[in-house]
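Q: Structure below; questions to follow.
The values are calculated or read from the model by the stated rules, or taken from the named source; none is laboratory data. Everything quoted here is computed from the prediction, not taken from an experiment. Don't worry about glycine lacking a Cβ; one is built from the backbone with ideal geometry, like all the others, and counts go over all protein chains shown.
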There are 2 protein chains.
Amino acid sequence: MTTRIVELRKGVLKKNDELAHELRSRFEDAGLLVLNLVSSPGTGKTAFLERTLRELRAAGARPAALVGDLETDNDARRLAASGAPVRQINTHGRCHLEAEMIGQHLEGWNLADFDTLFIENVGNLVCPSSYDLGEAVRVALLSVTEGEDKPLKYPTIFNSADIAVITKIDLAAACEFDLGLARKNLHEVRPGITILETSSKTGEGFDAWHSLLESLRAGHPSLHAAHT
Amino acid sequence: MTTRIVELRKGVLKKNDELAHELRSRFEDAGLLVLNLVSSPGTGKTAFLERTLRELRAAGARPAALVGDLETDNDARRLAASGAPVRQINTHGRCHLEAEMIGQHLEGWNLADFDTLFIENVGNLVCPSSYDLGEAVRVALLSVTEGEDKPLKYPTIFNSADIAVITKIDLAAACEFDLGLARKNLHEVRPGITILETSSKTGEGFDAWHSLLESLRAGHPSLHAAHT
């Protein structure tokens, strides 16, 4: 039975890869920068996106977001307050987003209306790593409250990421977080990875984040495709 | 393909349930209290177990632990410092523990040597919920840094738990954590669930935790089986 499941799983991943490939072409044709945000539950993906969308809108950019969750639409409602177009993807218990769900939830949107699309994945440090969503950039978030060892313990997700965002940096001292060790561990599983240190509460690190987004929009959009 | 996968998955879960049922009988025959600890990565399962094992040993109890991880054996090494017998289960990328892995890793142990066995699951708030490990009690941990909404967003894991342990309570003020709201959300997905508030750093809440373990050892050991 295990062999059959492995074979079927390979089939599912192959089909997902084909759909992701089509999505990536669509995104590139539309000149749309697409980022897939992955992390553990509670790392602060939604808070990070709330500030990002709000600041991008204030600066005249045209962001949109797709938000994956098992059950609720709390996150979509939080993000919609920014004024950006936001759609919830309810996975009904599924532990990750798939390319097919992305395609379905783009229907009726004109991609040319946006310059950046953020996809907030389901909170899970394991399963989302296997599913390409057609993104140009995969961003793995890690909060200072989770401990410096997470990249070593969940290597696949950090290894498949292009950017690591350390969140809740305002709590670093209270958590006795060793930033040097976290950076060392990130570089061990993903040599040369770009690392940002941020606080969605104080805004620390968001200037660097916006500069990075700007250079990604201006430059080669398929940072992620190059690695997969 | 989806239909075939759903059917195969049902088969895997059925086989897992049968193995878990056998394990539960073995544990009950040996008079061993078994707890399955589930949470998001970084909630502090290992720190919670470190203090638990150390304090149980100091009080003359005979605990043991199995620790699941994708890759490293860091956690087993941390827990072994307590002096308790500890074994690492390396899932090689699998996102949850299964009953078969538990059975394999008990080999060579005499269950009568222990009074309590803790199983630390892979850090994941989704997938472990479907896999019964033969435990008497499922404990879902939630740290104050993750936000009060997690029970609503990951209802299956909290709904299948018998006890909820709120960790890192020493950081509650820094995180502006609303304990009342967290309790309300936990009771919404799992009415009447026992909730403990703990800090593995300061030891807050551990007296209540040890009292609870004592009453579980003395009383009916299959709190969890009754719900599955």
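Q: Are there any pairs with C-beta distances below 7 angstrom linking a residue in the range A:146-161 that is in contact (Cβ under 8 Å) with a residue 60 or more places away in the chain to a residue that is surrounded by fewer than 21 Cβ atoms within 10 Å (Cβ to Cβ) and in a loop (DSSP other than H, G, I, E, B), with the two at least 6 apart or on different chains, and if so which?
A: Close Cβ pairs satisfying both conditions: A:Ala161/A:Ile193.
Q: Also, quick follow-up: Mind counting the residues in the range B:31-56 that are aliphatic (A, V, I, L, M), crowded, with 24+ Cβ neighbours inside 10 Å and within 20 Å of B:Asp132 (Cβ to Cβ)?
A: Of the residues in the range B:31-56, 5 are aliphatic (A, V, I, L, M), crowded, with 24+ Cβ neighbours inside 10 Å and within 20 Å of B:Asp132 (Cβ to Cβ).
Q: OK, next. Looking at (1) touching a residue at least 40 places away in the same chain (Cβ under 8 Å); (2) part of a helix (DSSP H, G or I); (3) touching a helix residue (DSSP H, G or I) at 6+ places or on another chain (Cβ under 7 Å), which is the only condition A:Ser200 fails?
A: Status for A:Ser200: all satisfied but (2).
Q: Only residues in the range A:54-83 that are within 18 Å of A:Thr116 (Cβ to Cβ) count as the first member; pair them with residues that are aromatic (Phe, Trp, Tyr), Cβ under 6 angstrom, at least 6 apart or cross-chain, and list the lot.
A: What qualifies is A:Arg62/A:Phe114; A:Ala64/A:Phe114; A:Ala65/A:Phe118.
Q: Hey, can you tell me all the residues within the range A:154-189 that are charged (D, E, K, R) and facing another protein chain (nearest Cβ under 10 Å)?
A: A:Lys168, A:Asp170, A:Glu176
Q: Failed condition for A:Ala208, given (1) outside any loop (DSSP other than H, G, I, E, B); (2) aliphatic (A, V, I, L, M); (3) in contact (Cβ under 8 Å) with a residue 24 or more places away in the chain, with all others met?
A: Unmet condition: (3).
Q: Right, here's the next one. List the residue pairs whose Cβ atoms are under 9 Å apart, where the first residue sits in the range B:1-24 and is under 16 Å from B:Ser129 (Cβ atoms) and facing chain A (nearest Cβ under 8 Å), the second is surrounded by fewer than 12 Cβ atoms within 10 Å (Cβ to Cβ) and of a type in the set (S, T, N, Q), and the two are 6 or more positions apart or on different chains.
A: From the range B:1-24, the pairs are B:Val12/A:Thr2.
Q: Out of all the residues in the range A:195-204, which are surrounded by 17 or more Cβ atoms within 10 Å (Cβ to Cβ) and either over 26 Å from B:Ala174 (Cα atoms) or within 13 Å of another protein chain (Cβ to nearest Cβ) (or both)?
A: Scanning the range A:195-204 gives A:Ser199, A:Ser200.
Q: Of the conditions (1) at pLDDT 95 or above; (2) farther than 24 Å from A:Ala208 by Cβ, A:Asp170 satisfies every one except a single condition; which number is it?
A: Of the numbered conditions (1) at pLDDT 95 or above; (2) farther than 24 Å from A:Ala208 by Cβ, the odd one out for A:Asp170 is (2).
Q: Next question. Sort out which residues of the range A:109-127 are in contact (Cβ under 8 Å) with a residue 40 or more places away in the chain and more than 14 Å from chain B (Cβ to nearest Cβ), and write them in order of number.
A: A:Trp109, A:Leu111, A:Ala112, A:Asp113, A:Phe114, A:Asp115, A:Thr116, A:Leu117, A:Phe118, A:Ile119, listed by residue number.
Q: Quick one: which of A:Leu53, A:Leu49, A:Leu32 is closer than 30 Å to A:Asp170 by Cα and out of contact with any Pro (no Cβ under 6 Å at 6 or more places or on another chain)?
A: From the options A:Leu53, A:Leu49, A:Leu32, the qualifying one is A:Leu49.
Q: Here's another thing I want to ask about it. Taking B:Gly123, is it surrounded by 20 or more Cβ atoms within 10 Å (Cβ to Cβ), among the small types (Gly, Ala, Ser) and modelled with pLDDT of 95 or more?
A: Numbers: surrounded by 20 or more Cβ atoms within 10 Å (Cβ to Cβ): yes; among the small types (Gly, Ala, Ser): yes; modelled with pLDDT of 95 or more: yes.
So B:Gly123 fits the description; yes.
Q: Another question about this same structure. For the range A:156-182, name all the residues that are within 19 Å of the chain's Cα centre (by Cα) and surrounded by fewer than 20 Cβ atoms within 10 Å (Cβ to Cβ).
A: Residues satisfying the conditions are A:Thr156, A:Asn159.
Q: Consider the range A:1-26. How many of its residues are within 11 Å of A:Gly103 (Cα to Cα) and of a type in the set (A, V, I, L, M, F, W, C)?
A: 3
Matching residues to (1) touching a Ser or Thr at 6+ places or on another chain (Cβ under 6 Å); (2) of a type in the set (Ser, Thr, Tyr); (3) crowded, with 19+ Cβ neighbours inside 10 Å:
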{"site": "A:Ala58", "(1), (2), (3)": "no, no, no"}
{"site": "A:Pro63", "(1), (2), (3)": "yes, no, yes"}
{"site": "A:Glu71", "(1), (2), (3)": "no, no, no"}
{"site": "A:Arg77", "(1), (2), (3)": "no, no, no"}
{"site": "A:Ala84", "(1), (2), (3)": "no, no, yes"}
{"site": "A:Gln88", "(1), (2), (3)": "no, no, yes"}
{"site": "A:Met101", "(1), (2), (3)": "no, no, yes"}
{"site": "A:Trp109", "(1), (2), (3)": "no, no, no"}
{"site": "A:Asp113", "(1), (2), (3)": "no, no, no"}
